[in-house]
Amino acid sequence: MGRRVLVVEDESLVALLLEDMLLELGFTVVDVASRLETGMSAAEQAAFDVAVLDVNLGGETRSFPIADLLRRRGIPFVFATGHDPGSLERTYPDAPVVRKPFLRGDLRSALAQALAR
């Protein structure tokens, strides 16, 4: 796909796995943020085409402020979660969701869906 992606994921092993999957899919990972503050900064300053956002950061914080910022910037994103995505579908109906643990094909489909909008 040749697109640039921002990853916001607080679990380092999951972030590494996600980065590997993205590289295998032909994406360039421009930044990996593990906290809301660093994710917000990257979302404001980095140049990228799409983002993958872990919903739950650090067990207490949600990535929703990053999603809202990306929405304002017109940058598509995919949510990654290990929980029921029901509330996400109501709040962010256009955002694709991949359930953890996800397969490379699931990630590819979600990213293609996000980029098609």
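Can you pull out the residues in segment 29-61 that are under 13 Å from LEU111 (Cβ atoms), out of contact with any Pro (no Cβ under 7 Å at 6 or more places or on another chain) and not acidic (Asp, Glu)?
Passing the criteria: VAL29, PHE48, ALA51, VAL52, LEU53.
Considering only residues that are in contact with a helix residue (DSSP H, G or I) (Cβ under 7 Å, 6 or more places away or on another chain) and among the charged types (D, E, K, R), look in segment 4-30 and name the one that is farthest from ASN56 (Cα to Cα).
Only one residue tops the list, namely GLU24.
Does at least one position in segment 49-63 carry a residue that is in contact (Cβ under 8 Å) with a residue 60 or more places away in the chain, under 22 Å from LEU115 (Cβ atoms) and over 12 Å from the mean Cα position of the chain (by Cα)?
No, segment 49-63 contains no residue that is in contact (Cβ under 8 Å) with a residue 60 or more places away in the chain, under 22 Å from LEU115 (Cβ atoms) and over 12 Å from the mean Cα position of the chain (by Cα).
So which helices (runs of 4 or more DSSP H) are wholly in segment 1-97 and hold at least 2 residues that are among the polar types (S, T, N, Q)? Quick ask: steps written out before the conclusion?
Values: elements: 12-24, 36-45, 64-73, 86-91.
Filter on segment 1-97 gives 36-45, 86-91.
Give ARG90, ARG117, ARG99, ARG108 a once-over and let me know the one that is more than 13 Å from LEU6 (Cβ to Cβ) and in contact with a Ser or Thr (Cβ under 9 Å, 6 or more places away or on another chain).
Being more than 13 Å from LEU6 (Cβ to Cβ) and in contact with a Ser or Thr (Cβ under 9 Å, 6 or more places away or on another chain) holds for just one of ARG90, ARG117, ARG99, ARG108, which is ARG99.
Residues being surrounded by fewer than 18 Cβ atoms within 10 Å (Cβ to Cβ) and not basic (Lys, Arg): count how many of those fall in segment 1-13.
5
Tally the residues that are surrounded by 13 or more Cβ atoms within 10 Å (Cβ to Cβ), under 17 Å from SER63 (Cα atoms) and of a type in the set (Ser, Thr, Tyr), restricting the search to segment 82-112.
Step one: list which residues in segment 82-112 are surrounded by 13 or more Cβ atoms within 10 Å (Cβ to Cβ), which gives 82, 85, 88-89, 92, 95-100, 102, 104, 106-112.
Next cut, under 17 Å from SER63 (Cα atoms) only: 82, 85, 88-89, 92, 95-100.
Those still in the list that are of a type in the set (Ser, Thr, Tyr) too: 92.
Going through segment 82-112 one residue at a time, the tally reaches 1.
For PRO101, work out the one condition from (1) over 23 Å from LEU16 (Cβ atoms); (2) part of a loop (DSSP other than H, G, I, E, B) it doesn't fulfil.
(1)
Can you name every residue in segment 19-31 that is more than 22 Å from GLY74 (Cβ to Cβ) and either surrounded by fewer than 17 Cβ atoms within 10 Å (Cβ to Cβ) or not charged (D, E, K, R) (or both)?
The answer is ASP20, MET21, LEU23, GLU24, LEU25, GLY26.
I'd like the residue in segment 41-81 that is within 16 Å of ALA15 (Cα to Cα) and exposed (fewer than 15 other Cβ atoms within 10 Å of the Cβ) and, out of all such residues, is modelled with the highest pLDDT.
By that ranking, first place goes to GLY58.
The values are calculated or read from the model by the stated rules, or taken from the named source; none is laboratory data. Just so we're clear, the structure is a prediction, and the values are computed from it rather than from any experiment. All Cβ positions, even for glycine, are placed from backbone atoms using ideal geometry, and neighbour counts span all protein chains on display.
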